[in-house]
1. Please give me the summed charge of the neighbours of Ala387: other residues whose Cβ is under 14 Å from its Cβ, Lys and Arg +1, Asp and Glu -1.
2. Would you kindly state how much longer the chain becomes between Asp134 and Arg162 on full extension, computed as 0.36 nm times their sequence separation minus their alpha carbon distance, in nm to one decimal?
3. Once Rg and Dmax of the Cα atoms in Å is worked out from the coordinates, which option in [x] 27.1, 102; [y] 22.5, 65; [z] 26.4, 87 does it equal?
4. Would you please name the trypsin sites (Lys or Arg not before Pro) within the range 2-50 that are DSSP coil residues with at most 13 other C-beta atoms within 10 Å of their C-beta?
5. Could you please state, rounded to a whole Å, how far the C-alpha centre of the range 254-271 is from the C-alpha centre of the range 277-303?
6. How fast does the range 130-237 diffuse by Stokes-Einstein, in µm²/s, taking the Kirkwood radius from C-alpha pairs at 37 °C and 0.692 mPa s?
7. Find the relative contact order for the chain and round it to a whole percent, using C-alpha pairs within less than 8 Å whose residues are 6+ positions apart.
8. Quick one: putting +1 on the C-beta of Lys and Arg, -1 on the C-beta of Asp and Glu, what dipole do you get for the range 160-239 around its Cα centre, in Debye to the nearest 20?
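The values are calculated or read from the model by the stated rules, or taken from the named source; none is laboratory data. Bear in mind that the values here come from a model prediction, so they are computed numbers and not experimental data. All Cβ positions, even for glycine, are placed from backbone atoms using ideal geometry, and neighbour counts span all protein chains on display. Just the protein is used for accessible areas: all its heavy atoms, side chains included, with ligands, DNA and RNA removed. Shrake-Rupley method; radii C 1.70, N 1.55, O 1.52, S 1.80 Å.
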Amino acid sequence: MKANKKILKNGMRLITVPMKDNPAVTVMAMTETGSKNETDETSGIAHFLEHMCFKGGKKYTSPREVSTALDKLGAESNAMTGHEYTGYYGKAHPKHFKKILDVVADIYIHTRLDEDEMEKERGVILEEINMYEDFPPRHVADLFYQLIYKDQPAGRPILGPRENIKQMSRETFLEFHQTHYVAEKTILFVAGEFDQKEVVKEVEKAFAQIPSSKAPKMPKTVEKQVAPQLFIQQKKTDQMHFMLGVRAYKAKDKRVPALNVLKTVLGGGMSSRLFLKLREEMGVCYYVKAPLGLHIDHGYLGVAAGVDKNRLEEVLGEVMGEMNRLKDELIDEKELKKAKDYIIGNMSLGLETSDSVADFFAEQEIMEGGILRTPNQVIQEIRAVTAKDVQKVARDIFKNEKLNMAVVGDVKDEAKVKKALKI
């Protein structure tokens, strides 16, 4: 599974991944633009614009025309907004490649930004914000980002604040779209069954009208911390939902494979240390996981769980204990092999479909600057990780001055939680 990269005449990048005999083809257009390209005043616009693009373009002039064109093909489509990217994709039978490309290119380049549709979508996004704020396991992650990165683009929620959503004008959207949806920031991924010559020809035609102006660079994230940080959002809940994490590495860092193994040992899967300890042994939670955030110039390793509201400090003690154990003791070969096999197996399962393959290479192109390693090369990197590599990473990141914790719940004694926040 190898990616082929070509720079088109207009400066756009085309990345194709042939998957012989695959029953589908995915066409995904991405701009290297996300919430980190926003200001305080425009926070939320990248995600709002993602919604608006599906409202229609020049050829497909309404949400109904877009959805009808895709439904006629039996296609699947979606979009996503992150801190560093926004993407749109369509997936269908290979014989529909040109039509899928036509729809994706039209909504990406020629989005109409109809004011009536914009007014309707304000309400949709406000309800999306409400939905996530009513769901503590998701909302606590936003609070964690705000805590660790503070008042800079990386710390803002991708959905933006309500006041911005309510007052954004069409002119603001046009300016953002014209600034960031340009050739040099655009990457088109095609994965699945296709003819390479046809793809190049049709993509050059479909994206012939994309602007070629220069785009501003993404602001750098400042890492600054000297002591543990805690943020508690008081809320009447039956559980304490927390995300505890430490500053770690950017996506391109050579220590990421070892970090990935460390994360898996700590909280990856139902045989990880924290799952066995917190759920199976203590019976204190339903879910516990170890999210890994890898970005262009920063990253973190976290532990997230929803636990018995009367046992939060006890749980934190166990989590800190496992962190210290990973610093003090080498992982034995059996546990190390299990963690590697888990990562490799999960990655392989995640590459079953053409859209997931497009995602796999998109993450490398955007987050790592275009290295484009094959899955086998990634597997080799994981296989090469030693127990000493994992311990070295643990000793580097599990430090009090890198520790952050966000909590959503009915916390009675904040001082006790602060006291427990210590590695």
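1. +4
2. Additional length available on full extension: 8.6 nm.
3. Computed from the coordinates, Rg and Dmax of the Cα atoms in Å corresponds to [y].
4. Here the sparse-neighbourhood loop sites are Lys2, Lys9, Lys20.
5. For the range 254-271 versus the range 277-303, the Cα centre distance is 10 Å.
6. For the chosen part, D equals 180 µm²/s.
7. So the answer I get is 22 percent.
8. Result for the range 160-239 is approximately 480 debye, rounded to the nearest 20.
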